[in-house]
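The values are calculated or read from the model by the stated rules, or taken from the named source; none is laboratory data. What you are looking at is a predicted structure, and each value in this text was computed from that prediction instead of being measured. A quick note on method: Cβ atoms are made from the backbone with ideal geometry, for glycine too, and the neighbour counts reach across all protein chains shown. Protein only, heavy atoms only, side chains kept; ligands, DNA and RNA dropped before computing areas. Shrake-Rupley method; radii C 1.70, N 1.55, O 1.52, S 1.80 Å.
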Amino acid sequence: MRKLFVFLLLISISIGYCQKKKSSKKPSSSAKVFVAKLDHVSAEIITINKLKTMVLFVKNTDGVDTLEVKKIVPNDFKPLNFTLKSYQAKGKKFYYIQWEEKNKISTKLKQEDQDLVYTQIWNIETKELLLGNTQTSSHIIETVYLDRNKTASETQEKNRKEGFEFQLLPNGDFILKNKTQNNTYTFDTSSMKYIPLKTISTKNTKRR
């Protein structure tokens, strides 16, 4: 009788332990960092399987849509001067986001500090990226050798710009411009895309 009692007691303890272990919650594999919010759209940095991605979460009647803004960002990623705005173009409502990043490239001969400006325009109804633009401004300090044998050198300092500067106009058009071009884009309702409206060359022509 005592053996039967001990046997039943061991079974009871074992079942209780299994139930406790089974009911314990697993830690979530996803973490979120809030960046900005407007209307039913929020910009966040999410972590899934140790990889970070910046996304837009769009709440609607059917649930939540996830729009990928920038994939696989560094662990210490922090967008600077992040802007989230909405605007109207040809009767359509779009969302405009812009942020800045700083990057440094360092070698034995060159030190380059980069300021990057990212601009995106989203049609959240169609989940479509209408514009993805990046402008880079660099300050470069470089050691340049003056002969083949590398016996003499000098330090050169220069600034460089790549890409286009973005400007959103009150009517929903936008301008992309650099030293040689000034391009205006307008929203086309038939194709549901931005198309070039006009291009102005700003490059100085040499006199003959």
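Write down the accessible area per residue of region 150-195 in Å², having rolled a 1.4 Å probe over the full set of protein chains. Present the calculation step by step, with values, prior to reporting the outcome.
Numbers: 3040 Å² over 46 residues.
Counting only protein heavy atoms, the per-residue value for region 150-195 is 66 Å².
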- Task: Search the structure for amide H atoms under 5 Å from the amide H of Glu128, placed 1.01 Å from N in the peptide plane, and list their residues when 5 or more places away or on another chain.
- Result: Asn123
- Message: If you average the alpha carbon positions of region 137-188 and of region 81-125, how far apart do those two centres end up, in angstrom?
- Response: 16 Å
- Query: Quick one: putting +1 on the C-beta of Lys and Arg, -1 on the C-beta of Asp and Glu, what dipole do you get for region 144-208 around its Cα centre, in Debye to the nearest 20?
  - Reply: 460 debye
- Message: Quick check: from the Cα gyration tensor, does region 116-185 come out rounded (a/c under 1.5), prolate or oblate?
- Response: prolate
- Item | Share of alpha-carbon pairs per 10 Å distance bin for region 66-208, given as whole % | 9, 30, 28, 19, 10, 4, 0
- Message: Taking amide H atoms as placed 1.01 Å from N in the peptide plane, list the residues 5 or more away in sequence, or in a different chain, whose amide H sits under 5 Å from that of Lys52.
- Response: Val73
- Violating pairs (Cα-Cα greater than 28 angstrom) within the set Lys37/Lys93; Lys70/Lys108; Lys104/Lys150: Lys70/Lys108
- Report the one residue of Phe82, His139, Asn171 whose Cα lies farthest in the direction of the positive end of the charge dipole of region 61-177 (charges on C-beta: Lys and Arg +1, Asp and Glu -1; origin at the Cα centre). His139
- Taking all protein chains as present, what is the carbon and sulfur share of the accessible area of region 136-183, in % to the nearest whole number, probe 1.4 Å? 43 percent
- For region 195-201, in residue order, the Karplus 3J(HN,Hα) values (coefficients 6.51, -1.76, 1.60; θ = phi - 60°; whole Hz; Gly and Pro = x) are 10, x, 9, 7, 10, 10, 7
